[in-house]
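Report on one structure; see the data block that follows.
Quick note: the coordinates plus some simple rules give every number you see, no bench work behind them. Computed from a predicted structure; not experimentally measured. In this analysis, Cβ positions are derived from the backbone assuming ideal geometry, glycine residues included, and neighbour counts consider all displayed protein chains.
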Amino acid sequence: MSDQNSLLETDIRGYLEAHENKSLLRFITCGSVDDGKSTLIGRMLYDSKMIFEDQLDALESDSKRVGTQGENIDFALLVDGLTAEREQGITIDVAYRFFSTDKRKFIVADTPGHVQYTRNMATGASTADLAILLIDARRGVLVQTRRHAFIASSLGIRKLVLAINKMDLQNYEQSVFDDIESDFIEFAEELATGIEIQAIPMSALEGTNITTKSEQTPWYDGPSLMEYLETVPVDDDRLNAPFRLPVQYVNRPNLDFRGFSGQIPSGTVKVGDRVKTLPSAKETTVTRILSGDQDVQEAMAGESVTVCFADEVDTSRGDLICTAESPAQVADQFQARIFWMADDKMLPGRRYLMKIGSKTVTAQVNETKYRIEMSDLQDRPARDLSLNEVGVCTLSLDQAIPFDPYNEIRETGGFILIDRLNNNTVGMGMIDFALRRAGNIHWQSVDVNKEAHSAQKNQKPAVLWFTGLSGSGKSTIANALQKRLYSIDRHTYLLDGDNVRHGLNRDLGFTDADRVENIRRVSEVSKLMVDAGLITLVSFISPFRSERRMARNMVEDGEFVEVFVNTPLNVAEQRDVKGLYKRAREGKIKNFTGIDSPYEPPTEPEIEIDTTKVSADEAAEIIVDWMKERGMLG
Amino acid sequence: MGGTLKNLTHLDRLEAESMHIMREVVADAERPVMLYSVGKDSAVMLHLAMKAFYPSKPPFPLLHVDTTWKFKEMIEFRDRRAKETGLELLVHSNQEGIDAGIGPFSHGSALHTDVMKTAALKQALDKYKFDIAFGGARRDEEKSRAKERICSFRTAEHRWDPKNQRPELWNLYNTRIRPGESIRVFPLSNWTELDIWQYIRRENIDIVPLYYSAKRPVVEWEGTQIMVDDDRVPEELRKTAVEKSVRFRTLGCYPLTGAVESEADTLEEIIQEMLLTKSSERQGRVIDRDQSGSMEKKKQEGYF
């Protein structure tokens with residue numbers, strides 16, 4: 001620092017030139033309660049002169065008042081922020097610290113070590129290039145250490161510093177250091193491959209091997225901690241990975257400019273490159289790259305850019321722009337590792353929002369394959385996951401998304417799960433691979449698309465989803481509507497619950513699970529018909545709101561029209577056209593909607609028909625009018 | 001960048017991260033706004049926003065909470081920058097506070113800040129129903145801010161609950177909120193004071209001249225050198241005014257912002273002085289100087 005300081009005093013411009021071109025390293029520190037982590041960070045801040053005199057005054061007075069180092073400065077007090085935790089003497093969250101040397105700027109994520117704070121460590125590790133694992137030389141490699149190493153490697157950190165601290169209390173014995181190092185290396189072989197480990201003997205309290213090599217450890221021939229942090233290569237893997245750009249924002253100030261903005265997670269892109277946008281799978285050429293307000297010829301991982309295309313390719317927020325040579329996969333089912341971060345358990349079958357890149361979709365955990373017990377890192381059978389638990393699960397989404405496995409590209413393989421009711425971030429996950437063949441089948445883009453089909457038919461395709469009790473009059477009304485639409489030359493198709501069960505769904509019964517699958521298949525079929533430009537009428541009891549929502553989410557906004565055929569149970573039962581209510585009451589039919597299985601009425605249907613007030617033909621007319629008003633009939 | 005790829009510097013990375021945050025948050029927001037305090041951090045934030053949305057204009061207005069005690073030069077600068085950028089500028093002052101004659105000299109710094117800044121900000125956010133408010137706070141400014149998230153969630157009453165903040169993984173921000181709730185978003189979270197100055201220099205960003213040293217009339221008040229910016233400085237104080245070469249390291253209400261004696265009138269000299277100085281940036285702010293943890297309390301109450 002002394003050379004730099006004189007440069008600072010005599011040649012500020014020279015100093016600034018040197019400091020403007022520093023690189024950035026983000027790292028995380030983890031350790032158990034008394035390993036001296038806060039002391040280490042405080043020491044690094046202090047040694048890099050990031051502490052001002054007024055802060056030092058406060059530190060000295062705090063050290064005397066609540067410090068644990070007697071009359072000496074308690075560096076830990078520099079970094080223990082919130083008052084509540086200062087009183088408790090523990091760190092309870094992730095804190096970010098900043099310091100820089102002549103070579104690098106550092107961002108430190110300081111995370112607590114307790115078992116219950118796995119979530120905080122995972123948070124800090126998600127943006128880190130490197131992890132410092134603190135070990136108390138008197139205690140060696142603990143369960144805690146292994147757990148931290150496991151979390152760090154799970155999140156893709158490939159550089160670990162084993163900071164063997166408090167060596168002063170072990171008289172700087174080489175054998176103590178060697179034993180701990182070999183103990184850890186043996187364990188680390190079970191972790192992911194390609195991990196680099198640098199063990200350093202140190203004393204944060206005495207400043208040994210922190211900034212410079214100490215004479216206390218003549219037997220140690222490696223770098224001091226700061227020497228290592230200043231020179232370790234910042235991951236260039238992402239530069240060599242294929243180009244990706246998750247579209248955050250479509251920039252369209254006027255008709256002459258249409259750009260797609262985002263931060264490049266991997267690879268490089270040049271003007272003239274062929275790219276493919278997913279999931280549409282359309283190919284085009286990059287014609288412009290804007291880095292801020294400057295036109296550039298190429299851009300690389302880490303930059304926030306805006307790109308323009310040669311062709312009008314339909315691309316929106318949530319899509320992924322890839323190099324055409326090596327595009328991402330597209331799938332809707334995955335195996336993933338999930339870290340659970342909420343007090344409410346993760347339940348298989350429950351739907352969560354999943355955010356990956358700039359895309360948000362609905363996801364359901366199908367199955368927890370196993371959970372990883374944090375105390376011994378062994379697999380244990382599990383159905384659900386509780387706070388701070390880690391498991392391997394299968395997930396299915398309501399639509400296919402582009403992705404890369406997490407260990408190839410972090411940003412296109414990492415996701416968060418959001419509770420749909422309280423909006424909290426409840427879990428984080430890392431995609432391992434796509435399930436079944438979905439991953440390798442790319443969506444085929446076709447030239448005669450939905451727009452072409454519907455233009456030919458002079459109509460807007462839609463799904464008219466009739467829901468209501470058995471015998472409410474759904475099929476009668478749907479039939480009347482179809483006749484009416486046919487008479488004015490509109491192209492329709494009617495999917496009837498009973499008819500479909502004779503063919504496509506003949507293998508399904510009436511359990512809740514089968515009902516869900518029944519609706520899923522019909523939703524998929526109606527989606528294809530909408531794609532073909534048809535006005536699709538679906539007449540299904542579809543008693544559950546969640547499944548109707550699933551059907552709604554499969555098509556585009558405005559294409560799903562929920563028609564609630566509202567007939568009170570007693571009226572439907574009185575009509576009992578098919579004699580089914582009678583048999584259900586007699587117990588001859590199980591799981592009959594309205595009798596021993598619930599019907600959840602729509603809360604906000606687009607259209608509601610009260611069959612006690614209007615006839616089937618009148619109902620059809622109401623629906624036709626509704627469609628005309630919205631321009632759906634050309 | 002020219003034709004060949006070079007390594008991204010720390011400033012490049014910070015810039016890219018801030019732009020990412022702004023675009024991501026705005027994409028899902030209903031009514032975003034940028035809190036523009038006219039200081040150097042606001043200047044950098046505005047510059048980044050212009051870049052992030054170029055060639056469009058940033059799709060949000062600027063909001064300045066005017067305590068009516070800001071330096072005159074700040075107000076001139078503010079109006080000029082709004083004009084130059086073409087962004088809509090909203091200015092809000094707490095009319096009740098004005099009617100009650102609240103001011104730092106008569107009521108003290110704490111009450112003045114509470115009424116004219118904290119309460120005024122809440123009023124403005126409620127008035128325009130903003131769901132997202134960008135602010136220029138940085139994590140390196142104060143110890144309790146080191147744990148502040150980039151997206152900080154506030155209840156419908158604008159309270160910050162340290163126990164109820166969301167984890168931020170990778171660069172994924174969960175910005176879903178219920179009606180009435182809002183998010184304060186800090187795109188400069190990972191910048192340090194030095195980064196801000198280096199970036200201002202690299203990008204040639206316009207800042208209020210008060211940051212540069214000049215001869216200014218100052219008086220000693222409550223242990224701080226304050227500038228006599230207008231006649232509201234009490235007469236007996238004004239009589240003691242002396243011309244000194246001073247500049248300001250932070251800008252706020254003129255009676256609450258301490259001047260430092262300095263000859264630094266170029267960016268380079270400012271940075272040099274900053275790096276050689278022995279006191280931290282916020283020290284010039286009267287409001288922070290009570291007991292430890294004060295900023296945390298302020299934050300829970302809704303001060304930035």
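Quick look at the numbers
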read-out	value
Within region A:525-557, backbone nitrogen closer than 18 Å to the virtual label 7 Å beyond the Cα of residue A:316 toward Cβ	A:527-528, A:530-533, A:550-557
Region B:62-109: relative contact order as a whole-number percent, Cα under 8 Å and 6+ apart	51
GNM top mover of B:145, B:201, B:13 - chain B, alpha-carbon springs below 10 Å	B:13
Integer Hz, Karplus 6.51/-1.76/1.60 couplings in order for region A:264-277, x for Gly and Pro	6, x, 7, x, 9, 9, 10, 4, x, 5, 7, 10, 10, 9
Quotient of Cα Rg and 2.2 N^0.38 Å for region A:476-634, N being how many residues it contains	1.06
Residue of B:69, B:191, B:170 that the Gaussian network model of chain B assigns the largest fluctuation, springs spanning Cα pairs under 10 Å	B:170
Relative contact order computed over chain A (Cα-Cα under 8 Å; 6+ residues apart), in percent	8
Value at 222 nm in deg cm²/dmol, rounded to 500, when DSSP H runs of n ≥ 4 in chain A each add -39,500 (n - 2.57)	-8500 deg cm²/dmol
Cα-projected label distance for residue A:175 with residue B:178, points at 7 Å along beta-carbon direction, nm	6.3
Length gained when the stretch residue A:618-residue A:195 is fully extended (0.36 nm per residue, less Cα-Cα span)	145.1 nm
Rg to Rh, two decimals, where region A:587-634 supplies the alpha carbon set and Rh follows Kirkwood	1.17
Pairs of lysine residues in region A:481-634 - Cα separation under 21 Å, sequence separation of 8 or more or cross-chain	4
With eigenvalues of the C-alpha gyration tensor scaled by 5 and rooted, region A:246-309, Å	15, 15, 12
For region B:124-140 versus region B:249-280, the gap between their alpha-carbon centres in whole angstrom	26
Gap separating the Cα centres of region B:4-33 and region B:152-216, nearest whole Å	12
Centre separation in Å (Cα based) which lies between region B:52-92 and region A:222-269	31
Sequence-distant residues sharing a close amide H with residue A:608 (under 5 Å, placed H)	A:564
Largest to smallest principal axis extent of the C-alpha atoms in chain B, angstrom	55, 48, 39
Relative contact order %, region A:527-634, counting alpha carbon pairs below 8 Å whose residues are six or more apart	30
Kirkwood estimate for region B:51-129, i.e. one over the average of 1/r between Cα atoms, Å	13.9
3J(HN,Hα) from dihedral phi, region A:557-563, Karplus parametrisation 6.51/-1.76/1.60, rounded to Hz, x for glycine, proline	4, x, 8, 9, 10, 8, 10
Unit charges at the beta carbon, dipole of region A:225-358: most positive-side option, A:349, A:278, A:266	A:349
Net length gained if the chain between residue A:626 and residue A:577 were fully extended (0.36 nm per residue, minus Cα distance)	14.8 nm
Region B:1-85 - Rg over Rh from alpha carbon coordinates, Kirkwood radius	1.04
Equivalent ellipsoid, region B:1-148 (semi-axes from 5 times Cα gyration tensor eigenvalues, Å)	31, 17, 15
Choice from B:180, B:136, B:103 with maximal GNM fluctuation in chain B (Cα, 10 Å cutoff)	B:180
Relative pair counts by distance (%), Cα atoms of the protein assembly as shown, 10 Å bins	2, 10, 18, 21, 19, 13, 9, 5, 2, 0, 0
Only Lys, Arg (+1) and Asp, Glu (-1) charged, at Cβ; the protein assembly as shown dipole about Cα centre in debye	3180
Share of alpha-carbon pairs per 10 Å distance bin for region B:98-199, given as whole %	13, 37, 34, 15, 2
When region A:164-279 is reduced to its Cα atoms, the Kirkwood hydrodynamic radius in Å	18.7
Evaluated at q = 0.09, 0.11, 0.16 Å⁻¹: base-10 log I(q)/I(0), Debye formula over Cα of region A:349-507	-0.53, -0.74, -1.07
Between helix A:37-47 and chain A: long-axis angle, C-alpha atoms, 0 to 90°, nearest 10	60
Derived scalar couplings ³J(HN,Hα) [region A:131-148; Karplus, 6.51 cos²θ - 1.76 cosθ + 1.60; whole Hz; x for Gly, Pro]	10, 9, 9, 8, 10, 7, 4, 6, 10, x, 6, 9, 3, 3, 4, 4, 5, 4
Under 5 Å, built H, 5+ apart or other chain: amide partners of residue A:399	A:362
Longest to shortest principal axis, alpha-carbon extents of region A:284-399, angstrom	53, 28, 27
Label-to-label distance, nm, for residues given as residue B:156 and residue A:18 (7 Å Cα→Cβ offset)	5.8
Projected label distance in nm at residue B:277 and residue A:347, using a 7 Å step from Cα toward the beta-carbon	5.6
Residue A:288 long-range amide H proximity, modeled H, under 5 Å	A:308
Candidates per GluC sites (Glu not before Pro) in region A:564-634, loop by DSSP, up to 12 other Cβ within 10 Å	A:586
